[in-house]
Amino acid sequence: MKKLFLFALFTGIVFLSVVFILSNKVYQLEKKSLFLEEKVVFYQTLQTSKDFLYAIMNDYKKQKANIIKAHKYVLNHLNEDFYKLKSKFGKNYNIYLTNKNFVITKTTFKYDKNFSLAFAKDYFLSHKEIKVSSPICEMATTDFISFSDSYQNGRVLQIGYIFDSNKIKEFKEKIKQLKKQNPIIKNVYLYFVYPHINFASKCNFLIPLHRKYSLQEMNKNKEIGFELFKQLKQKNPIFTKDSMYILSSNPFGDGYMIFKIDINTQTYQNALNNIKYILSFVVLFLIIIGTILFIYFKKVIDVIENFAKHIENEKIYEYDGEFKKVVDSYNKTLKKLHSSIQSKKEFLEFVMHELKTPLAILSLNVENEISSVAIKKLNMAYEDMTYFLKFDKTKKHIKKVNLKEFIEYRVFYFDDILRSEKKIVYLDLEECCIEINENDLERLIDNNISNAIKYSTTNFIKISLKECVLRFENDGEIKDKEKIFEKFHREDNIKGGFGIGLSIISSIISSYDIKFNLITDMKVVFEYDLRNLKC
């Protein structure tokens, strides 16, 4: 049972270790899965953005001529009201006019009034004719606008064309939907980088600024744009804990586009934490279940062990638990057996009592050696049976005994039996005094002598006593060493006897804590260490 318990404990520890390792592996896989999910979302958003930008570019190609046409018309009507001029072209158009310091003083777009275009002075001065720019992201409104420009009389005129707002709304809705479905998206940005004119701008798809960038903000965005451009030239794409970047050609033609998604690290971390909590809960749950099963299993083992001890000792087991039916059945059977055994014992005790007087009379009227041998054997059987029946009931009277003399006396008692069996006992005895009950000692010595007479294969038996170690030695063999002390076991059924002699010896050596050794090498030796009983 102990081995079974240790095996169960070891199995439980191994199981929990495997669960812990697998949980860690699952956590790492989920972490990778989330990272891959980020990448998938990133490329989905990139593709959606590119589709939109290419659609804007197609509109640009279609509208470029109309933008130039509107620009020329306004050039010829600069003194008219710009709002009236705008109404001629439609709501998608805005008009801008600067003073000689390149500050917008007259416009139909309120966010750009008083905005300085001086940063692009060289760009404007280089134009000999009307130029139309690629679509630009307007941060104030997040619209995409193309600007035509011309420089005359120290002033710059720009016509801004806002590309189809429905397409922008549709695109923004798609991006918002992606963000809603994937909470890891914090924000989406585009950087347009134009190395040939040393310019870079930033565009936020989702959140309008409702104002123009300040010059300082524009320079900052330009600095960030070129720094990202430099990094992405070395490694493209770049994935960090907080953001993802990819560099591609500008769908609008010249320059480059950098697509950036900011990751909602808190959402990402929350997702990982949730996985961690779930796995921790699973592990904890398994530990609790394992502990409960372990405690229950240990309790069951304890019950079985106690039950086994009671069965081994043939005792009633008081128990009120899961195995009550089995235990009750055992107790009922045991009580019946006890009752049956007790009846047989009482019967045997009665028979033995009735035999005592006839045996005594026979012992006093021995006519010859044959009769003497038969009566002694019968008397020894009687004494063994009486001792066996009353072993637990008789009060022991301990006294000092000269062991050498006692052995000589018992061997003398066997004298006529030895002659009839043609056996010779050789005695090699030293003086030894022990404290023991004489009846117990008689049964110990008599049964060893009787056993040697029965099973010796030659006529030689040796009894030695050295330093209070008593040895009975004879030729022969022991077939089953494990069973020799079992009740009613006999090595050879032909030799006769009840099979209780060695069982009686076993009871005696246990009650006196006598050390016993059985030697079966060449000869059979029963050795009893009686030094703990010395006077």
Pair list, Cβ < 6 Å and 6+ apart or interchain, from the stretch 99-114 residues that are within 21 Å of Ser87 (Cβ to Cβ) to residues that are of a type in the set (Gly, Ala, Ser) and surrounded by 12 or more Cβ atoms within 10 Å (Cβ to Cβ): Tyr111/Ala140
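Out of the residues in the stretch 444-462 meeting the condition of being among the small types (Gly, Ala, Ser) and part of a helix (DSSP H, G or I), tell me which one is surrounded by the most Cβ atoms within 10 Å (Cβ to Cβ). Reasoning before the result, please.
Step one: of the stretch 444-462, the residues among the small types (Gly, Ala, Ser) are 450, 452, 456.
Narrowing further to those that are part of a helix (DSSP H, G or I): 450, 452.
Values: Ser450: 18, Ala452: 23.
Per the stated criteria, the residue is Ala452.
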Within the stretch 217-224, is there a residue that is without any contact (Cβ under 8 Å) to a residue 12 or more places away in the chain and over 19 Å from Ala120 (Cα atoms)? no
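Test of understanding: among Lys396, Lys423, which residue is of a type in the set (Lys, Arg) and farther than 21 Å from Asp475 by Cα?
Details: Lys423 fails: farther than 21 Å from Asp475 by Cα.
Lys396 is the lone residue from the list that is of a type in the set (Lys, Arg) and farther than 21 Å from Asp475 by Cα.
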Per-region count, the stretch 506-535, residues crowded, with 16+ Cβ neighbours inside 10 Å, over 54 Å from the mean Cα position of the chain (by Cα) and of a type in the set (A, V, I, L, M): 4
Mind checking which residues of the stretch 112-121 are open to solvent by 40 Å² or more (accessible area, probe 1.4 Å) and at pLDDT 85 or above? Lys113, Asn114, Ser116, Ala118, Lys121
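From the list Leu427, Leu441, which one is closer than 15 Å to Ile508 by Cβ and either crowded, with 19+ Cβ neighbours inside 10 Å or over 60 Å from the mean Cα position of the chain (by Cα) (or both)? So that I can check it myself, show each step before the final result.
Numbers: Leu427 fails: closer than 15 Å to Ile508 by Cβ.
Just one listed residue meets the conditions, Leu441.
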Please determine whether any residue of the stretch 150-160 is within 60 Å of the chain's Cα centre (by Cα), part of a strand (DSSP E or B), at pLDDT below 90 and within 30 Å of Asn76 (Cα to Cα). no
Go over the candidates Leu206, Leu215 one by one and state the one that is at pLDDT 75 or above, among the hydrophobic types (A, V, I, L, M, F, W, C) and more than 45 Å from the chain's Cα centre (by Cα). Leu215
Filter the stretch 174-213 down to the residues that are under 22 Å from Ala118 (Cα atoms) and charged (D, E, K, R), then identify the one that is most open to solvent (accessible area, probe 1.4 Å). Arg211
Count of the stretch 214-262 residues which are farther than 24 Å from Met57 by Cα and open to solvent by 40 Å² or more (accessible area, probe 1.4 Å): 19
Tell me the residue from Ile130, Ile168, Ile145, Ile95 that is open to solvent by less than 20 Å² (accessible area, probe 1.4 Å) and in contact with a helix residue (DSSP H, G or I) (Cβ under 7 Å, 6 or more places away or on another chain), please. Ile95
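Considering only the stretch 65-92, state which residues are open to solvent by 20 Å² or more (accessible area, probe 1.4 Å) and among the aromatic types (Phe, Trp, Tyr). Steps first, answer last, please.
Of all residues in the stretch 65-92, those open to solvent by 20 Å² or more (accessible area, probe 1.4 Å) come to 65-66, 68-69, 72-73, 75-81, 83-84, 86-92.
Once the filter is applied, which keeps residues that are open to solvent by 20 Å² or more (accessible area, probe 1.4 Å) and among the aromatic types (Phe, Trp, Tyr), the stretch 65-92 yields Tyr73, Tyr83, Phe89.
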Among the residues of the stretch 481-498, are any over 21 Å from Phe412 (Cα atoms), modelled with pLDDT of 85 or more and open to solvent by 30 Å² or more (accessible area, probe 1.4 Å)? no
Just one of the numbered conditions (1) of a type in the set (A, V, I, L, M, F, W, C); (2) in contact with a Leu (Cβ under 9 Å, 6 or more places away or on another chain); (3) within 18 Å of Val74 (Cα to Cα) is not true of Val132; which one? (2)
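So which residues in the stretch 201-251 are part of a loop (DSSP other than H, G, I, E, B) and among the basic types (Lys, Arg)?
Arg211, Lys212, Lys235, Lys241
If you go through the stretch 88-127 one residue at a time, how many are assigned to a helix (DSSP H, G or I) and closer than 15 Å to Ile67 by Cβ? Before you say what the answer is, go through the steps one by one.
Looking only at the stretch 88-127, we keep the residues that are assigned to a helix (DSSP H, G or I), and these are 88-89, 110-112, 118-125.
Those left that are additionally closer than 15 Å to Ile67 by Cβ: 88-89.
Qualifying residue count for the region: 2.
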Here's a check for you: in the stretch 48-64, which residue that is open to solvent by less than 70 Å² (accessible area, probe 1.4 Å) and out of contact with any strand residue (DSSP E or B) (no Cβ under 8 Å at 6 or more places or on another chain) is nearest to Ile95 (Cα to Cα)? Asp59
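Does the stretch 133-142 hold any residues that are among the β-branched types (Val, Ile, Thr) and either at pLDDT 90 or above or open to solvent by less than 10 Å² (accessible area, probe 1.4 Å) (or both), and which are they? Even if it seems obvious, please write down each step before you answer.
As a first pass, look at the stretch 133-142 and keep what is among the β-branched types (Val, Ile, Thr): 136, 141-142.
Scanning the stretch 133-142 gives a single hit, Thr142.
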If I filter the stretch 405-423 down to residues being open to solvent by 60 Å² or more (accessible area, probe 1.4 Å) and in contact (Cβ under 8 Å) with a residue 24 or more places away in the chain, which single residue comes out as farthest from the chain's Cα centre (by Cα)? Arg419
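The values are calculated or read from the model by the stated rules, or taken from the named source; none is laboratory data. Given the structure is predicted, the values throughout are model-derived calculations rather than measurements. Glycine also receives a Cβ, built like all others from the backbone with ideal geometry; neighbour counts cover every protein chain displayed. Please note that ligands, DNA and RNA were not included when accessible areas were found on the heavy atoms of the full protein model with its side chains. Shrake-Rupley method; radii C 1.70, N 1.55, O 1.52, S 1.80 Å.
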